[in-house]
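For reference, the structure is listed below as structure tokens.
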Amino acid sequence: MLRHIIPSRTRVKIFELFYHHPHDQYYLRKIVRDINEEVNAVKRELDILEKEKILLKERRLNKVFYTLNKQYILYDEFLRIFSKTDELPKTLLSNLPKLGKVKFIVMSSKFAKKQPIKDDDVYFLFVGTIVVPEVASIIGTIEKQLDIVINFTVMSEDEFVFRKKNNDPFLWKFLRQPKIMLVGQEEDLQK
């Protein structure tokens, strides 16, 4: 998908590596191993991304470490883009027909940023006529892979409209926080 828009395959892989693990630091050889690209191509792309201030570079002993610059002006926009290529969103989107008649799939930006949530919060909201066992199966598989709990909630369109209209605190708390639309438009979600 992005490989047709961003001409450098190596750059796309570097973006995905960093935005799928926004808190991690990487050195050159680790990046080369993780994305399986040639060292010279990786070094060239790292230099470009560091020059543009997308990545920060720090020397420690005999290694240079790279981290995401969370102050970069387009950090949130890149996060929105590359979070959709992470394993769970990608799996959900590729299995969309099996999930039922989906009106919205909304991901909390806390999931994309790998931030913990409280027990009464959710990372994902599904709205429509949803096949819950399919959603639970996909999420369960990713939970095992990542060794985390991924809270989600499912609502029919009628329940969603009713709860929104009646100022349901749980729903409005989720809707007011930063989010990433996987299916549907945010304007329609907020109507």
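What follows is calculated from the coordinates using simple rules that are stated; it is not laboratory data. In this text the structure is predicted, and so the values were computed from the model without any measurement. Reconstructed Cβ throughout: ideal geometry from the backbone, glycine too, with neighbour counts over all protein chains shown.
Based on a Kirkwood Rh over C-alpha pairs, give the Stokes-Einstein translational diffusion coefficient of region 86-190 at 4 °C and viscosity 1.567 mPa s in µm²/s.
Values: Rh = 14.0 Å.
Value of D from the Cα-based Kirkwood radius: 93 µm²/s.
Peptides 164-176, 99-111, 62-74 ordered by packing proxy, namely the average of other Cβ atoms within 10 Å per residue, highest first: 99-111, 62-74, 164-176. Span-like helix check, the chain: qualifying full DSSP H segments, with Cα axial length of 20 Å or more and mean Kyte-Doolittle of -0.5 or more, are 132-146. Farthest toward the positive end of the dipole of the chain, out of Leu125, Trp172, Tyr26, is the Cα of Tyr26, where the dipole comes from beta carbon charges about the Cα centre.
Does region 2-77 classify as rounded, prolate or oblate by the C-alpha gyration tensor (a ≥ b ≥ c root eigenvalues; a/c under 1.5 gives rounded; else a/b over b/c gives prolate, otherwise oblate)? Present the calculation step by step, with values, prior to reporting the outcome.
Working: a/c = 1.61, a/b = 1.09, b/c = 1.48.
Here region 2-77 falls in the oblate category.
Measuring from centroid to centroid over Cα atoms, what is the spacing of region 1-27 and region 74-133 in Å? So the two Cα centres are separated by 19 Å. Each Lys and Arg contributes +1 and each Asp and Glu -1, all at the Cβ; summed about the Cα centre of the chain, the dipole is approximately 620 debye.
Kirkwood Rh over Cα pairs of the chain into Stokes-Einstein at 20 °C, 1.002 mPa s: D in µm²/s? Using the Kirkwood radius from Cα pairs, D works out to 118 µm²/s.
Rounded to the nearest 500, the helix-only mean residue ellipticity at 222 nm of the chain stands at -13500 deg cm²/dmol, with each DSSP H run of n ≥ 4 adding -39,500 (n - 2.57).
With coordinates expressed along the principal axes, the C-alpha atoms belonging to region 2-41 extend over 27, 22, 11 Å, beginning with the largest.
Can you give the FRET efficiency for Leu61 and Lys144, using 1/(1 + (r/R0)^6), R0 = 30 Å, r = Cβ-Cβ distance, to the nearest 0.05? Could you put the intermediate results ahead of the total?
Details: r = 36 Å, r/R0 = 1.21.
That gives a FRET efficiency of 0.25.
Checking every one of the GluC sites (Glu not before Pro) in region 51-105 against DSSP loop status and a limit of 12 other Cβ atoms within 10 Å picks out Glu52.
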